[in-house]
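Beneath this line is the structure, given in structure tokens, with notes to follow.
Since every read-out is calculated from the coordinates, none of them should be taken as a lab result. Model, not experiment: these values are computed from the prediction. Cβ placement follows ideal geometry from the backbone for every residue including glycine, while neighbour counts extend to all protein chains displayed.
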Ligand SMILES: [Zn+2]
């Protein structure tokens, strides 16, 4: 009985302490705000020293540094682009940096998302970024938004910032950010990086076109590749992210040379930069023209027919009889039934890991009928054909493409292995690598 009472007392104490902590945190916030308000119009000695190497630039000076101090920037996406851009923005002394991300830190992020560390795997990216940015600069305010940006919350979040940095990796969010920034009259510093290439431009700034002026309709979903599928080199995202911070700083300073109405293309393989002049604003743009037909945010996942995240999305193209599970394939392969297993991943991925006796025919070759004769010849010798890929999407595309060719010849259709090698690793062989 005594023990029970002690536990209750301790629980009560903890509750009281939590309440006190919450009150103190609120007090601290109010004090900080008060402090910042009072010193917003001048730099203290600490700030003069901290930012001295950029204050002495004629492009910045004391007035420029004060502009940075008064400015607020929202970085959407704490990934490959958001990490370097928010680091340089926080380092440069932007008064308030918001960092928005819905995701958690994973091991596959660390090669390029350098704000996150091995010890923050599993934490939210927004919190992980906030901790690191505060370590770098405790004199500014860092706001973590752990949320998915949606049509419901975008305007309320963005209206509290001067400029938005688009550091996301999907088309639906690009349209959402564009429309929200046009409606709220905020410049949008947009970057992207894939494999060894990157792009950069500033939308909606001093009469420059918006994203919709250039891309009135979204691309077909299967024409879009993200970093999870296409791969990306960390140093390339670093280049583009750092340039996003640079453009943002120039906008805040009101300096010339902002990359609006131009598109910068970076080729990391050749180490070249190219500048393309963009078409001017579209007079009949649905959102930024004088008579817009869009006056509020819409459903962007529906508009783009794709998810607003870069999480795995599972296609479902086939009938159940055209597919088998990894467990069924395991049984069949263990019992020594002769068959042909086609792995449709790219050869680089095939090199990482593969199932025994699988034959690598990349999906592009399958879809362009480059090696289909080989497959058909083997199939015609009454060998059942199975198709596998990393996550089970490309294998479905391959089966859908091959099935009519098989049927023409009176052969049994090939079968898709559901969930691909990820499913194999989860459900059959835990030692099989996942990437
Ligand atoms: Zn427009």
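Odds and ends about this structure:
- Sequence ranges 389-400, 197-208, 104-115, 69-80, ranked by mean other-Cβ count within 10 angstrom, highest first: 69-80, 389-400, 197-208, 104-115
- Overall dimensions of region 159-240, expressed as equivalent-ellipsoid semi-axes from the Cα gyration tensor (√(5λ), whole Å, largest first), are 23, 15, 11.
- For the chain, modelled as a GNM whose springs connect Cα atoms under 10 angstrom apart, the maximal fluctuation among 419, 98, 228 occurs at 419.
- Taking the chain as a Gaussian network of alpha-carbon nodes connected by springs under 10 Å, the highest mean-square fluctuation of the residues 85, 358, 128 belongs to 358.
- Value of relative contact order over the chain, rounded to a whole percent, pairs C-alpha under 8 Å and six or more apart: 11
- Per residue convex hull volume, Cα atoms of the chain, in Å³: 212
- Within the chain, antiparallel bridges make up roughly 40 percent of the DSSP beta bridges whose residues both belong there.
- Working note: Cα gyration tensor of region 243-317, eigenvalues times five, square-rooted, sorted largest first, giving semi-axes of 29, 24, 14 Å.
- In percent, rounded to a whole number, the relative contact order of region 320-427 is 34, using alpha-carbon pairs under 8 Å and six or more apart.
- Our Cα-only numbers for region 320-427 put the radius of gyration and Dmax at 12.6, 36 Å.
- Burial ranking of peptide ranges 406-412, 139-145 (average Cβ count within 10 Å, highest at the top): 139-145, 406-412
- The alpha carbon centroids of region 101-126 and region 397-435 are separated by 31 Å.
- Peptides 90-97, 166-173, 326-333, 367-374 ranked from most to least packed give 166-173, 90-97, 326-333, 367-374, packing being the mean of other C-beta atoms within 10 angstrom over each peptide's residues.
- For region 137-168 versus region 327-378, the gap between their alpha-carbon centres in whole angstrom: 45
- Translational diffusion coefficient (Stokes-Einstein; Kirkwood radius from C-alpha pairs) of region 380-435 at 4 °C, 1.567 mPa s, in µm²/s: 107
- Size check on region 61-304: the Cα extents along the three principal axes, sorted descending, read 49, 46, 40 Å.
- Choice from 59, 351, 159 with maximal GNM fluctuation in the chain (Cα, 10 Å cutoff): 351
- Helix 171-184 and the long axis of the chain differ in direction by around 30°, with both axes built from C-alpha atoms.
- The chain: angle of helix 234-253 to the longest principal axis, Cα-based, in degrees nearest 10: 30
- Rg/Rg_globular for region 209-344, with Rg_globular taken as 2.2 N^0.38 Å and Rg from C-alpha atoms: 1.60
- Computed from Cα positions, the angle between helix 2-38 and the longest principal axis of the chain comes to roughly 60 degrees.
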